[in-house]
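Please read the structure below before turning to the comments.
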Amino acid sequence: KMGGFLMPTETLSANANGSTNQWGQSHLGVQEYQTIDETSLSGAGTDYINATVNGRRSMFGFTNTSAASGATINSVTIHIAAKESGTSNVKYVVDADGDGSGLDVSSTAQALTTTLTEYTKEYTTNPDTSNAWTSSEIDAAEFGVQCHQSLGRNTAFVYAIWVVVDYTAAGYGHKVSGVAAANIGKVNGVATANIGKINTVD
C-alpha cells in the first residue's frame, strides 16, 4: 500500500499434485494437494503433510492467474503454514517449467518452531530464467517444499501452501496525486485496469 493506494495481488491455491509428492499426509483419503490447499494461516485446518527424512520433496500445481493474467509481474511469493516436532527445517522449491526438471531449491533453510506459523519466500524473478515472471510462466509452474534436517526423528509439518502474485495491472498509465501508476492498484476501490479517466480529465 502506498499513499492510500493498494498494490494489487492475486492469491493462488493448490489444485493438483505436482511431479513429486514424497511427504506423508494426515488424511489418506484425499489427494495430497487437498490436505494443504488453504490460503491463509487462519484458514489452515487440522490436516497436514509431514516429512522426517532430509531431501523429501512435495510439489503442487496451483490455480491459474486471473486478475494478474497478462499483467506485469512484480513478484511471486510462496506462503506456508508450518510447524515442527523437534528441530526441523524446510526449503522452498520452484519448478518453473512444471515438468519435474530444472528445480530451484532455496539455498536457505527455513527454521520452524513448534507453533503453527506463516512463513514466506519471495521470488522477484523467475529462478529458471532470471527474468521477470510472466503470468503464463506462473500458470505452468509448480511450487512446493523440501524437508531439510539432520538425522533424527524430528518432523516438519505443513498445513497449507499458497502463492501470492504481486502485479501491476495493465491498461492504466496515469499518476494520481503524484503517485506513479505502477504503484497504484485501485482508486476508490476500482481496479486501475478498469480506469481510463478520473473526473473526466485526460
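The values are calculated or read from the model by the stated rules, or taken from the named source; none is laboratory data. It should be emphasised that the depicted structure is a prediction, and the values quoted were computed from it without experimental measurement. Because the Cβ atoms are built from the backbone with ideal geometry, glycine has one as well, and the counts that use them run over all protein chains shown. Note: areas computed on protein heavy atoms with side chains; ligands, DNA, RNA excluded. Shrake-Rupley method; radii C 1.70, N 1.55, O 1.52, S 1.80 Å.
Brief remarks follow.
- Full extension of the chain between Thr124 and Thr9 gives 40.0 nm of extra length, using 0.36 nm per residue less the Cα-Cα distance.
- In the complete set of protein chains, residue-level accessible area for Lys121 is approximately 70 Å², probe 1.4 angstrom.
- Size descriptor, Kirkwood hydrodynamic radius, that averages inverse alpha-carbon separations across segment 1-118, Å: 15.9
- Accessible-area composition of segment 75-175, carbon plus sulfur, in percent [1.4 Å probe]: 44
- Relative to the current alpha-carbon distance between Arg153 and Ala132, full extension at 0.36 nm per residue lengthens the span by 3.6 nm.
- Once both labels are positioned 7 Å from their Cα atoms along Cα-to-Cβ, the gap between Val30 and Asn64 label points is 2.4 nm.
- Residue ranges 49-55, 164-170, 22-28 sort as 164-170, 49-55, 22-28 when ordered by packing (mean number of other C-beta atoms within 10 Å per residue, highest first).
- FRET E, pair Ala16, Ala111, Förster distance 35 Å, beta-carbon r, rounded to 0.05: 0.75
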